[in-house]
1. What order do you get for 74, 7 when you list them from fewest to most C-beta neighbours inside 10 Å?
2. Under the √(5λ) rule applied to the eigenvalues of the Cα gyration tensor, what semi-axes describe the equivalent ellipsoid of segment 10-73? Give them in Å, descending.
3. Strictly greater than 21 Å: what percent of every Cα pair in the chain meets that?
4. If we count other beta carbons within 10 Å of each Cβ, what is the order of 56, 16, 92, fewest first?
5. Cα centroids of segment 9-88 and segment 163-239: how far apart, whole angstrom?
6. Can you compute the helix-only [θ] at 222 nm over the chain? Use -39500 (n - 2.57) per DSSP H run of at least 4 residues, normalise by all residues, nearest 500 deg cm²/dmol.
7. What trypsin sites (Lys or Arg not before Pro) does segment 86-171 have in DSSP loop regions with at most 16 other beta carbons within 10 Å?
8. Check each of the chymotrypsin sites (Phe, Trp or Tyr not before Pro) in segment 35-96 and keep only those in coil by DSSP with at most 10 other C-beta atoms within 10 angstrom; list them in order.
Amino acid sequence: MSLRPVSQPLHQQLRDLMLARIESGEWSPGTFLPSETRLAEEYGVAVGTLRKALLDMAAEGLVQRRQGKGTVVSSHDSDAVLFRFFNLRRVDGTTFHPESRVLDRARRTATPEEAAALGLATGADILCITRVRDGDGVPLIYEQIVLDAARFGSLLATPDPLPNTLYQLYQTEFGASVFRALEQVTACAVDADCARELGLAAGTPILRVHRVAVDYNGAPLELRVSYINTGAVHYHAEV
């Protein structure tokens, strides 16, 4: 398979072509890609150009480079991917694996804000999951997760407990891979329901994170609103 001369650099063309193979399912999560030499021959480019494309994809989290083994399509069951999307750290800066408790699952009509965030029609059905996430035995996050019921509605009947890492479930059960997330972070006063679950007094200042997770094509998959007790953790971001 050869590339056509266009204004876009060759390594970016390669990145797009290989991403298309991931999107199509030809290279599924956890699959090792062919060797760099074989791919370079297939695309008719130098190995160095092919390697640059793979390094770009690794920087985006699309693939992972494994020393002595090769390049594998990223899956959401690895710590490397988990901590791309879980941005809380202990006060000392160390990471931890959160545990989740589902409080409620319900199917209902989307609010105008929810429909807009997920690109749904007004009045569309959504699945709403309410859960608490604990760290080191302490309730840290109260969150509501909103999904398109037409695509993810079967989660309503999935037996408890739901997996801690929902992005992995979306990938393995629904063929939906989260590529990136768009977040808005604000401060607010905690309401009574959230305060009760997090062991706080109503009105306590708390961090609110509004996140829309999207797939490789930028299509919304999930809306998640998280309320975070920052007494024992802090929100970590690299810019």
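1. On the way: 74 23, 7 4.
Going from least to most buried by this count: 7, 74.
2. Working: eigenvalues 49, 35, 26 Å².
Largest first, segment 10-73 gives 16, 13, 11 Å.
3. Values: 17792 of 28441 pairs.
Percentage above 21 Å: 63.
4. On the way: 56 16, 16 10, 92 6.
The order, fewest Cβ neighbours first, is 92, 16, 56.
5. 27 Å
6. Working: 8 runs with 70 residues, N = 239.
Result for the chain, helices only: -8000 deg cm²/dmol.
7. Details: sites: 89, 90, 101, 105, 107, 108, 131, 133, 151; in loops: none.
Of the trypsin sites (Lys or Arg not before Pro), not one in the loops of segment 86-171 has a Cβ with at most 16 other Cβ atoms within 10 Å.
8. On the way: sites: 43, 83, 85, 86, 96; in loops: 86, 96.
Passing sites in segment 35-96 do not exist.
Throughout, read-outs are computed from the coordinates displayed, never taken from laboratory work. Quantities reported herein were computed from a predicted structural model and do not represent experimental measurements. Note that we place each Cβ from the backbone using ideal geometry, even for glycine, and neighbour counts take in every protein chain shown.
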